[in-house]
1. Looking at (1) in contact with a strand residue (DSSP E or B) (Cβ under 8 Å, 6 or more places away or on another chain); (2) without any contact (Cβ under 8 Å) to a residue 60 or more places away in the chain, which is the only condition Val164 fails?
2. Quick check on my filter: what residues within region 52-87 are outside any loop (DSSP other than H, G, I, E, B) and hydrophobic (A, V, I, L, M, F, W, C)?
3. For residues in region 228-242 being open to solvent by less than 20 Å² (accessible area, probe 1.4 Å) and in contact (Cβ under 8 Å) with a residue 60 or more places away in the chain, which is farthest from ligand 2 (Cβ to nearest atom)?
4. So the check is Cβ under 8 Å with 6+ separation or different chains; which pairs have a first residue in region 254-268 that's of a type in the set (Ser, Thr, Tyr) and assigned to a loop (DSSP other than H, G, I, E, B) and a second one that's at pLDDT 95 or above and within 15 Å of ligand 1 (Cβ to nearest atom)?
5. Out of curiosity, is Ala201 surrounded by fewer than 24 Cβ atoms within 10 Å (Cβ to Cβ) and within 18 Å of Ser250 (Cβ to Cβ)?
6. Looking only at residues that are assigned to a loop (DSSP other than H, G, I, E, B) and more than 19 Å from Thr227 (Cβ to Cβ) in region 269-279, which one is most open to solvent (accessible area, probe 1.4 Å)?
7. Would you check if Leu12 is touching a strand residue (DSSP E or B) at 6+ places or on another chain (Cβ under 8 Å), at pLDDT 95 or above, within 16 Å of ligand 2 (Cβ to nearest atom) and among the hydrophobic types (A, V, I, L, M, F, W, C)?
Amino acid sequence: MEVRLKILYTSLCHTDVFFWEAKGQNPLFPRILGHEAGGIVESIGEGVTDVEPGDHVLPVFTGECKECVHCKSEESNMCNLLRINTDRGVMIHDEKSRFSINGKPIFHFVGTSTFSEYTVVHVGCVAKINPLAPLDKVCVLSCGISTGLGATLNVAKPPKGSTVAVFGLGAVGLAAAEGARIAGASRIIGVDLNSNRFELAKKFGVTEFVNPKEHNKPVQEVIAEMTDGGVDRSIECTGHIDAMISAFESVHDGWGVAVLVGVPTKDAVFKTHPINLLNERTLKGTFFGNYKPRSDLPSIVEKYMNKELELEKFITHEVPFTEINKAFDYMLKGDGLRCIIRMDG
Ligand code: NAD
Ligand code: ZN
């Protein structure tokens, strides 16, 4: 059930940086990072019937076996077999790695390891897409953009005319803002510690901005004042525990829903007074915006092809593979959104 992919384009998501810094898990090195990518099936293993060599695909960090209770549920994308596992550095089939150097294994990362010209992934983590779709653009749908979009459209589900706060205005957060705009939100409040993000965020429909550093009270209080009690929906896309708690405490009592998207550090603890929940606020979380990768990604790619979804505005840099470290520098500096890494360079 494995396929070997030739990766043509990959991009850097904050989750790669986070695991490179070993903040999210027990350190597992050496490993090949990378999970946001586009490529072509080079060869297929025994049992694979869904794809064939030459197919254009997006590998995804969380899979879909299509047989388990989660895959059969309309509400879940947490496949029993192939859900994201950040501690496993080997293939499921034989618990071995497909990469080695001088006979020593190099571990995989979230089943994808796309910072490599060739990689081996389980077929359940591969979405076959329209071969006419430009892989250097749609590769960003294999993680960040779909995640943010789905966090809003599938999980937060803001009613038309509502007020939405987005914490963290990187690619994931701005895709969440884009989802809010598509859903017909009337106010979209962007929260970021980096004010340089605000100009860029206007292109994504963000109407107001809050930099927590510019206020001497908690950001949830600032938002409550701006909105007469709180926002209808909030989506947290930072990975920082303080922002997660603020995002939750920023929603209106009675109906507010907060959605956590950022990946927390391994010792993070979410702390809030239970009365905040009793007062009829809802807290949710999601991986990959609740999309089922194999079933749902092809149609998101079609949205791009039909010009219903713009991806170019998320792509701010491009480098050859030899200069991949520049992509890390851009992300660490908060410069731009997505950096496409060309594997032929
Ligand atoms: P990014 O670095 O491009 O953007 C993060 C933004 O958050 C930055 O602009 C930063 O200035 C801002 N920020 C950091 N701390 C903040 C705080 N306390 N308050 C307000 N803003 C703050 O990252 P990205 O690639 O957009 O990813 C965002 C998060 O989503 C990361 O945690 C990443 O690991 C996570 N992620 C989760 C999933 C999922 O399926 N759940 C998928 C992809 C990415
Ligand atoms: Zn990602």
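1. Evaluating Val164 over (1) in contact with a strand residue (DSSP E or B) (Cβ under 8 Å, 6 or more places away or on another chain); (2) without any contact (Cβ under 8 Å) to a residue 60 or more places away in the chain leaves (2) as the failure.
2. Within region 52-87, Val57, Leu58, Val69, Cys71 meet the criteria.
3. This residue is Val231.
4. Cβ pairs passing all conditions: Thr265/Gly239; Thr265/Ile241.
5. yes
6. Selected residue: Lys271.
7. When the stated conditions are applied, Leu12 passes them.
Yes or no, residue by residue, for (1) more than 15 Å from ligand 2 (Cβ to nearest atom); (2) open to solvent by less than 30 Å² (accessible area, probe 1.4 Å); (3) part of a strand (DSSP E or B); (4) in contact with a Gly (Cβ under 8 Å, 6 or more places away or on another chain):
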residue: Leu297; (1), (2), (3), (4): no, yes, no, no
residue: Val301; (1), (2), (3), (4): yes, yes, no, no
residue: Leu309; (1), (2), (3), (4): yes, yes, no, no
residue: Thr322; (1), (2), (3), (4): yes, no, no, yes
residue: Lys326; (1), (2), (3), (4): yes, no, no, no
residue: Tyr330; (1), (2), (3), (4): yes, no, no, yes
residue: Asp335; (1), (2), (3), (4): yes, no, no, no
residue: Ile341; (1), (2), (3), (4): no, yes, yes, no
residue: Asp344; (1), (2), (3), (4): yes, no, no, no
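The values are calculated or read from the model by the stated rules, or taken from the named source; none is laboratory data. Worth saying up front: this structure is predicted, and the values here are computed from it rather than measured. Virtual Cβ from ideal backbone geometry, glycine too; neighbours counted across all protein chains shown. With ligands, DNA and RNA removed, areas are computed over all heavy atoms of the protein, side chains included. Shrake-Rupley method; radii C 1.70, N 1.55, O 1.52, S 1.80 Å.
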